[in-house]
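Q: Can you read through this structure? Questions will come right after.
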Amino acid sequence: MYNPPMRSIAAELITAKIAAAIVDINLHLPPDIERALRQAEQNETSPQGRAVLQKLLQNAQIARADGLPLCQDTGTCVVFLEVGQEVRIIGNLNEAIQSGVARGYQSLRKSIVRDPLDRVNTQDNTPAVIHTEIAAGDTLKINLLAKGGGAENKSALYMLRPTADKNEIVKKVVETVRKAGSAPCPPLILGIGLGGTFDTAPLLAKKALLREIGSIHSDKNYAALEKEILQEINKLNIGPAGYGGITTALAAQILTAPCHIA
């Protein structure tokens, strides 16, 4: 039996990388999103909507120049881990992640409460939500989302019949966005999970947000469905910050999984 050599990674290195990444994602708008906002600003037909997009781009410049958070809501930290089978963590992986989150949020707003009812703030934005996958190889891949509470609050789960077609899927997504209105701070990036089970579909939706804005789905049928959903969403005239216009969403991104016949 072949036993491949294990690659060792110190827990403190993981803590330091996560702390630095948290500051980065709160202060710097990702290039793909900035490109999408600039394109939307050029295409927007509503003067008020265009003004909002211009303010968002200006906000990104100020945040970058002055070292300020992009938004007062610095989010729940959601961590997606891909742990290689040939990786050995020197130390406690969970503690390393939570310590990195606490360190990264030292100078940022803390939004996590320890209990849904007593509402006592944990004072360091922990605990992070951690999703772990085992992968081949000797690398540890970490993706972070700073998930805003307003957008999270407008998420929805629908249990569709096995006879549901793409038209019903489009209808449900559009209905969800229409009901949300301006509350999730459009322009939106829609993560859509299809298939799996009751607990995995929302996770697929959240993971779909990791895709680069403007990228095309590898499956042509889902690429077409994403395009149709985005077009229908942008007909709602909610627009940037709810001021009307054709830019209610920047992207609709789908991630799928196999599901039961029922």
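Q: So Asn59 passes all but one of these: (1) open to solvent by 30 Å² or more (accessible area, probe 1.4 Å); (2) under 25 Å from Asn153 (Cα atoms); (3) touching a residue at least 12 places away in the same chain (Cβ under 8 Å). Which condition number does it fail?
A: Single failed check for Asn59: (3).
Q: Here's another thing I want to ask about it. Can you name the residue in the range 111-140 that is of a type in the set (D, E, K, R) and touching a strand residue (DSSP E or B) at 6+ places or on another chain (Cβ under 6 Å) and, of all such residues, is farthest from Pro69 (Cα to Cα)?
A: Asp138
Q: Provide a single number: the residues in the range 228-255 that are of a type in the set (D, E, K, R) and touching a residue at least 12 places away in the same chain (Cβ under 8 Å).
A: Filtering the range 228-255 down to residues of a type in the set (D, E, K, R) leaves 228, 232, 235.
Okay, now just the ones that are also touching a residue at least 12 places away in the same chain (Cβ under 8 Å), so 228, 232.
Qualifying residue count, the range 228-255: 2.
Q: In this structure, does Glu82 turn out to be among the acidic types (Asp, Glu), within 22 Å of the chain's Cα centre (by Cα) and closer than 20 Å to Ala21 by Cα?
A: Yes: the conditions hold for Glu82.
Q: Taking the condition of being more than 23 Å from Glu212 (Cα to Cα) and either assigned to a loop (DSSP other than H, G, I, E, B) or at pLDDT below 95 (or both), how many residues in the range 31-70 meet it?
A: Of the residues in the range 31-70, 4 are more than 23 Å from Glu212 (Cα to Cα) and either assigned to a loop (DSSP other than H, G, I, E, B) or at pLDDT below 95 (or both).
The values are calculated or read from the model by the stated rules, or taken from the named source; none is laboratory data. These numbers come from a predicted model, not from an experiment. Backbone-built Cβ (ideal geometry, glycine too); neighbour counts: all protein chains shown. Surface accessibility is based on the protein's heavy atoms, side chains included, excluding ligands, DNA and RNA. Shrake-Rupley method; radii C 1.70, N 1.55, O 1.52, S 1.80 Å.
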